[in-house]
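Here is the structure we will look at, set down as structure tokens.
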Amino acid sequence: MNPMNPWRLAAAACLSLAGAAPAMAALVCNATATPVQIVYFENDPNPTNGAWSVSINCTRGPADPTTSAYTLQADDGFNPGNGSTNQAVNGNGAANQIAYDLFRTAPGNGVWGETNATDFAGTVNFGTALTGSATHVFYTQIAAQLNKSARIFSDTVTMRLRYDNGPGNVTVFPTFPVTINNQSVCLLSTPPGNIQFNYTSFQPAAATASTAYAVRCTIGETYTMALDATAGALLTLNYSLALSNTAGQTGTGFPQNFTINGSMPGGQSGTCATGVCTGAQTRTLTITY
């Protein structure tokens with residue numbers, strides 16, 4: 001018997017596998033807001049308003065849809081206040097927390113929040129391009145004349161961007177920073193009035209008169225007060241002026257009351273060619289802070 005030819009026992013096998021991998025969407029979106037940076041003056045009688053922008057930026061693959069519907073919400077920040085109010089903070093206590101609000105339509109109108117009714121909503125249209133974007137303007141508002149510390153307050157707002165990438169909805173959570181710089185300020189909440197001396201020549205007692213005023217300064221702001229002159233003469237009648245408090249003061253956010261006291265010593269003749277004479281001078285009160 002002839003030996004078996006090994007080539008006849010060999011079997012050739014070739015398996016060809018073919019199939020299609022599932023399609024993976026390449027459409028990706030994110031949202032970027034301009035940092036909110038507010039300078040606040042608590043002596044302004046009007047609310048402090050600001051306008052900012054947020055952009056939805058998307059990219060896609062050639063096989064992806066040419067549009068992407070989206071919604072965009074904003075939460076109450078890291079330090080939510082009462083109701084839907086956001087708060088920027090710098091320390092503990094009410095004086096170190098400053099409330100602000102976000103709006104979609106205009107300052108004070110159309111809250112931008114974290115419910116479906118307060119979303120931004122729209123559609124990114126790519127056309128034939130592989131990139132697309134949409135931009136919205138949002139607004140901030142801070143109430144007027146808040147009594148807060150003179151410092152920089154901060155917060156972080158988290159947005160929720162939900163968009164359609166073809167196979168389904170995708171949700172991402174970008175953030176943007178908020179800083180509020182509460183400027184130190186002092187003002188004369190009640191300006192001083194006139195100091196009027198009633199004097200008769202050679203009267204034995206001094207004539208006295210005074211006027212009240214009030215200063216309102218930002219919480220924690222130190223200030224001093226001074227007159228441009230503490231002595232003078234009217235109709236050759238000498239007088240002196242003095243502040244009720246010449247020491248340095250610290251603001252409380254509320255009016256602080258003081259007086260300017262005047263004295264005209266007795267025994268002076270004065271100059272008057274008629275029965276009654278009047279004279280006037282202007283003095284300046286300076287608040288330094």
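Show me, bin by bin at 5 Å from 0, the whole-percent P(r) of the chain based on Cα pairs.
For the chain, the pair-distance distribution reads 1, 5, 9, 10, 8, 7, 7, 6, 6, 5, 5, 5, 4, 4, 3, 3, 2, 2, 2, 1, 1, 1, 1, 1, 0, 0, 0, 0, 0, 0, 0, 0, 0.
If we sort 106-112, 238-244 on the protection proxy, mean other Cβ atoms within 10 Å, highest first, what's the order?
238-244, 106-112
Once the piece of chain linking THR34 and ALA51 is laid out straight, how much longer is it, given 0.36 nm per residue of separation minus the C-alpha distance between them?
My answer for the length gained is 5.1 nm.
How far, in nm, would the chain grow between ALA143 and THR105 when pulled straight, counting 0.36 nm per residue and subtracting the alpha carbon separation?
11.9 nm
Let's see if you can work this out: charge +1 on each Lys and Arg Cβ, -1 on each Asp and Glu Cβ, no other charges. What is the dipole magnitude of the chain about its Cα centre, in debye to the nearest 20?
300
Over the chain, with a Gaussian network built from C-alpha contacts below 10 Å, which listed residue (ALA273, ALA88, ALA69) shows the highest mean-square fluctuation?
Evaluated over the chain, the most mobile residue of the options is ALA273.
At a 1.4 Å probe, what is the % contribution of carbon and sulfur to the accessible area of the chain?
Here it works out to 53 percent.
Which of GLN268, GLN37, GLN87 ends up with the largest GNM mean-square fluctuation for the chain, with Cα atoms connected below 10 Å?
Looking only at GLN268, GLN37, GLN87, the biggest GNM fluctuation is shown by GLN268.
Summing +1 for each Lys or Arg and -1 for each Asp or Glu, what net charge is found among the other residues whose Cβ lies under 14 Å from the Cβ of GLU42?
Net of charged neighbours comes to +1.
Give, as a single signed number, the net charge of other residues whose beta carbon lies under 14 Å from the beta carbon of ARG151, with Lys and Arg counted +1 and Asp and Glu -1.
Charge balance near ARG151 sits at -2.
Give me the net charge for the shell around GLY93: Cβ to Cβ below 15 angstrom, other residues only, Lys and Arg +1, Asp and Glu -1.
+2
Kirkwood hydrodynamic radius, computed over distinct alpha-carbon pairs, for the range 26-168: how many Å, to one decimal?
Kirkwood radius, the range 26-168: 16.6 Å.
Say each of GLN203 and THR250 gets a label point 7 Å from the Cα, pointing the same way as Cα to Cβ; how far apart are those two points in nm?
Here the modelled spin labels are 4.2 nm apart.
If amide H atoms are built 1.01 Å from N in the plane of the peptide, which residues on other chains or at least 5 residues away come under 5 Å of the amide H of ALA207?
MET264, GLY266
At 1.4 Å probe radius, can you tell me the per residue accessible area of the range 59-114 in Å²?
Normalised by residue count, the accessible surface of the range 59-114 is 45 Å².
The values are calculated or read from the model by the stated rules, or taken from the named source; none is laboratory data. Since the model is a prediction, treat every value here as computed from it, not as a measurement. Note that each Cβ is placed from the backbone with ideal geometry, even for glycine, and that neighbours are counted across all protein chains shown. Note: accessible area is taken over every heavy atom of the protein model, side chains too, but ligands, DNA and RNA are not part of it. Shrake-Rupley method; radii C 1.70, N 1.55, O 1.52, S 1.80 Å.
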